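Chemist: Questions regarding the structure given below will be posed in turn.
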Amino acid sequence: MSGDRVPTIDAHHHVWDPARADQPWMTDGMAAIRRPFTIDDLVPALDAAGIDATVLVQTRSSIDESLELLATAAGSSRIAGVVAWVDLTTAAVADDIAALAAAPGGAKLVAIRHQVQDEPDAAWLGRADVRRGLRAVEAAGLAYDLLVRPRELTAAVEVARAMPGLRFVLDHVAKPPIADRAWEPWASRLVGFRDLDHVACKVSGLVTEARWSAWTVEDLAPYAALALDVFGPARLAFGSDWPVSLLAAPYATVLDAARRLTAGLSGGERERVFGGTAIEVYGLRVEPARG
């Protein structure tokens, strides 16, 4: 990586076409985003915001989607990395990861993710077959994104503590109960990551955990402050969660909120949150714009 500044990274966004494949997590209240979203739809917002590159993240438990995301990344210089899905519980998980890495766009495979939040078992991450799959992720040199709510946070901390050689990335600060103005058990469980230096956290998805039509930056501030206290700027990464975030705000508003929430940091610390952390944890190769 070269250039005059640290590249600015959006570490979490999606693309999809519900007409081609169902998105089971989309509820009736999400009609506004039940339409196709492509990387070309996002690029104007990236340009306006000065975002150099992005990380594209899976939304379905589907190898087909993983292959499609990698192919999308292969055709876009703006996508620096892909967080894909494989079945961690299958004995063939190492072969499945290798097949993704060998597919078109496979060079941009940087992490694996599963919708742990949708598993009936809150301790799913502690299962022997899941741990075996996570060891395959580690052996492949990839990171693992933790998509959990407060219910699964205890298991997430336990698996991270048990696997110090695997880089973990906690998505959406584990979805704190902002809309309810609640704090526990989210807060006390999040603190379990404090001394786990191999775990990073995305400051993403907060606006959609708040009341979509009536949130303020002040509503988000206590939750972001705890994330900063637990992880520090060196382990925090900005992510827009576009286009899910459109349920609550335009792209520019989400980015502005993140900047306001981190306004007290030094310039170098903000560079970590808005680029350096994502580059390090995902091993991204990004050339910044000059100037």
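Chemist: What is the residue count in the stretch 192-209 for residues that are over 14 Å from Asp241 (Cα atoms) and assigned to a loop (DSSP other than H, G, I, E, B)? Walk me through how you get there before you give the answer.
Modeler: Taking the stretch 192-209 as the starting set, the residues that turn out to be over 14 Å from Asp241 (Cα atoms) are 192-200.
Narrowing further to those that are assigned to a loop (DSSP other than H, G, I, E, B): 194-198.
Adding up the residues that qualify gives 5.
Chemist: Would you be able to tell me the number of residues in the stretch 200-228 that are within 19 Å of the chain's Cα centre (by Cα) and surrounded by fewer than 18 Cβ atoms within 10 Å (Cβ to Cβ)?
Modeler: Restricting attention to the stretch 200-228, the residues satisfying the condition of being within 19 Å of the chain's Cα centre (by Cα) are 200-210, 220, 223-228.
Those still in the list that are surrounded by fewer than 18 Cβ atoms within 10 Å (Cβ to Cβ) too: 225-226.
Looking only at that region, the number is 2.
Chemist: Only residues that are part of a loop (DSSP other than H, G, I, E, B), touching a Gly at 6+ places or on another chain (Cβ under 8 Å) and of a type outside the set (D, E, K, R): list them for the stretch 76-104, please.
Modeler: In the first step, residues of the stretch 76-104 are kept if they are part of a loop (DSSP other than H, G, I, E, B); the result is 76-78, 85-92, 103-104.
Narrowing further to those that are touching a Gly at 6+ places or on another chain (Cβ under 8 Å): 86-90.
Hits for the stretch 76-104 are Val86, Leu88, Thr89, Thr90.
Chemist: A further question follows. Given the residues Thr89, Thr38, which is the only one that is in contact (Cβ under 8 Å) with a residue 12 or more places away in the chain and within 18 Å of the chain's Cα centre (by Cα)? Before the answer, list the steps.
Modeler: On the way: Thr89 fails: within 18 Å of the chain's Cα centre (by Cα).
Of the residues listed, the single one that is in contact (Cβ under 8 Å) with a residue 12 or more places away in the chain and within 18 Å of the chain's Cα centre (by Cα) is Thr38.
Chemist: Right, another one. Restricting to the stretch 187-208, and then to whatever is without any contact (Cβ under 8 Å) to a residue 60 or more places away in the chain and of a type in the set (S, T, N, Q), can you tell me which residue is farthest from Ala234 (Cα to Cα)?
Modeler: This residue is Thr208.
Chemist: Go through the residues of the stretch 93-100 one by one and say whether even a single one is under 21 Å from the mean Cα position of the chain (by Cα) and over 28 Å from Pro150 (Cα atoms).
Modeler: As a first pass, look at the stretch 93-100 and keep what is under 21 Å from the mean Cα position of the chain (by Cα): 97, 100.
From what is left, the residues that are over 28 Å from Pro150 (Cα atoms) are 97, 100.
Yes, some residue in the stretch 93-100 is under 21 Å from the mean Cα position of the chain (by Cα) and over 28 Å from Pro150 (Cα atoms).
Chemist: List, please: which pairs have Cβ atoms under 8 Å, are six or more places apart or on different chains, and start with a residue in the stretch 251-272 that is surrounded by 15 or more Cβ atoms within 10 Å (Cβ to Cβ) and end with one that is among the acidic types (Asp, Glu) and not in a helix (DSSP H, G or I)?
Modeler: Val254/Asp241
Chemist: With respect to Ala99, determine if the residue is crowded, with 16+ Cβ neighbours inside 10 Å, of a type outside the set (Phe, Trp, Tyr) and modelled with pLDDT of 95 or more. Let's see the steps before the verdict.
Modeler: Working: crowded, with 16+ Cβ neighbours inside 10 Å: no; of a type outside the set (Phe, Trp, Tyr): yes; modelled with pLDDT of 95 or more: yes.
No: the conditions fail for Ala99.
Chemist: Answer with yes or no whether Asp256 is out of contact with any Pro (no Cβ under 7 Å at 6 or more places or on another chain) and either at positive phi or not in a loop (DSSP other than H, G, I, E, B) (or both). Talk me through it step by step, then tell me what you get.
Modeler: On the way: out of contact with any Pro (no Cβ under 7 Å at 6 or more places or on another chain): yes; either at positive phi or not in a loop (DSSP other than H, G, I, E, B) (or both): yes.
Here the answer is yes, as Asp256 does meet what is asked.
Chemist: If the Cβ limit is 7 Å and pairs must be 6+ apart or interchain, which residue in the stretch 165-186 that is under 26 Å from Val110 (Cα atoms) pairs with which residue that is part of a loop (DSSP other than H, G, I, E, B) and among the polar types (S, T, N, Q)?
Modeler: Asp171/Ser204; His172/Ser204
Chemist: Give Val82, Val6 a once-over and let me know the one that is in contact with an Asp or Glu (Cβ under 6 Å, 6 or more places away or on another chain) and more than 20 Å from Thr253 (Cα to Cα).
Modeler: Working: Val82 fails: in contact with an Asp or Glu (Cβ under 6 Å, 6 or more places away or on another chain).
None of the other options fit; the residue is Val6.
Chemist: Would you mind telling me which numbered condition in (1) among the β-branched types (Val, Ile, Thr); (2) more than 18 Å from the chain's Cα centre (by Cα); (3) surrounded by 13 or more Cβ atoms within 10 Å (Cβ to Cβ); (4) farther than 26 Å from Val137 by Cβ Ile51 fails?
Modeler: Evaluating Ile51 over (1) among the β-branched types (Val, Ile, Thr); (2) more than 18 Å from the chain's Cα centre (by Cα); (3) surrounded by 13 or more Cβ atoms within 10 Å (Cβ to Cβ); (4) farther than 26 Å from Val137 by Cβ leaves (2) as the failure.
The values are calculated or read from the model by the stated rules, or taken from the named source; none is laboratory data. Keep in mind that what you see is a predicted model, and the values were worked out from it rather than measured. Virtual Cβ from ideal backbone geometry, glycine too; neighbours counted across all protein chains shown.
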